[in-house]
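Have a look at the structure below before the remarks.
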Amino acid sequence: MTRIRELDALRGFAVGGIMLVNTWQHTDKQVRVPLDWTIETLFQSRFYPIFSMLFGISFLLFLRGNSRWALLSRLFWLFCLGKVQHAFYEGEVLTDYAFFGALVLLPASFLPGGLPVLLLGLVVTVWGG
């Protein structure tokens, strides 16, 4: 399966937005400026839903084209990266993505069609949120 460039571009946009907001949050500011309000109001938490949606789409695309073991291996390494990131930043979410991805992987492997997998993903999303 070839890469879908539009998904890659949207993923890059989401990751860039998350980095922008996280960097802004961790700057040491003595005085609040109007840009603080702008970042918090317009950008705070706006990129996570995009990234989460793309994670789910990529999960299904990968599930269709590769083995379950390959996806489980990727989720394992995502979890490891999340643990390393957690040493520097407590608010990391990579371990959550890896954990819930692995949790959905087993039942998703046996469910027929896309709709049951979508419903399972929605249930886990609501439960995890």
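The values are calculated or read from the model by the stated rules, or taken from the named source; none is laboratory data. Keep in mind that this is a model prediction, so the values were computed, not measured. Reconstructed Cβ throughout: ideal geometry from the backbone, glycine too, with neighbour counts over all protein chains shown. Side chains included, ligands, DNA and RNA excluded: accessible areas come from the protein's heavy atoms. Shrake-Rupley method; radii C 1.70, N 1.55, O 1.52, S 1.80 Å.
Miscellaneous remarks
- Residues located in region 112-129, provided they are surrounded by fewer than 14 Cβ atoms within 10 Å (Cβ to Cβ) and free of Cβ contacts under 8 Å to residues at least 12 places away in the same chain: Pro112, Gly113, Leu115, Pro116, Leu119, Leu122, Val123, Val126, Trp127, Gly129
- Count of region 34-63 residues which are open to solvent by 60 Å² or more (accessible area, probe 1.4 Å), under 20 Å from Arg5 (Cα atoms) and without any contact (Cβ under 8 Å) to a residue 24 or more places away in the chain: 2
- If you check Phe99, Phe59, Phe13, Phe79 for being at pLDDT below 85 and either under 15 Å from the mean Cα position of the chain (by Cα) or in a helix (DSSP H, G or I) (or both), only one passes: Phe59.
- Some residue of region 84-96 being closer than 25 Å to Leu111 by Cα, touching a residue at least 12 places away in the same chain (Cβ under 8 Å) and either open to solvent by 50 Å² or more (accessible area, probe 1.4 Å) or not small (Gly, Ala, Ser) (or both): yes
- Filter result (open to solvent by 100 Å² or more (accessible area, probe 1.4 Å) and charged (D, E, K, R)) within region 1-18: Arg3, Arg5, Glu6
- Verdict on Pro112 being more than 13 Å from the chain's Cα centre (by Cα), outside any helix (DSSP H, G or I) and over 22 Å from Val21 (Cβ atoms): yes
- Those residues of region 18-34 which are closer than 23 Å to Phe51 by Cβ, of a type outside the set (Phe, Trp, Tyr) and not in a loop (DSSP other than H, G, I, E, B), in sequence order: Ile18, Met19, Leu20, Val21, Asn22, Thr23, Gln25
- Within region 62-76, being modelled with pLDDT of 85 or more, under 17 Å from Leu103 (Cβ atoms) and hydrophobic (A, V, I, L, M, F, W, C) holds for Trp69, Leu71, Leu72, Leu75, Phe76.
- Val21 falls short of the stated requirement of being of a type in the set (Val, Ile, Thr), free of Cβ contacts under 8 Å to residues at least 40 places away in the same chain and open to solvent by 50 Å² or more (accessible area, probe 1.4 Å).
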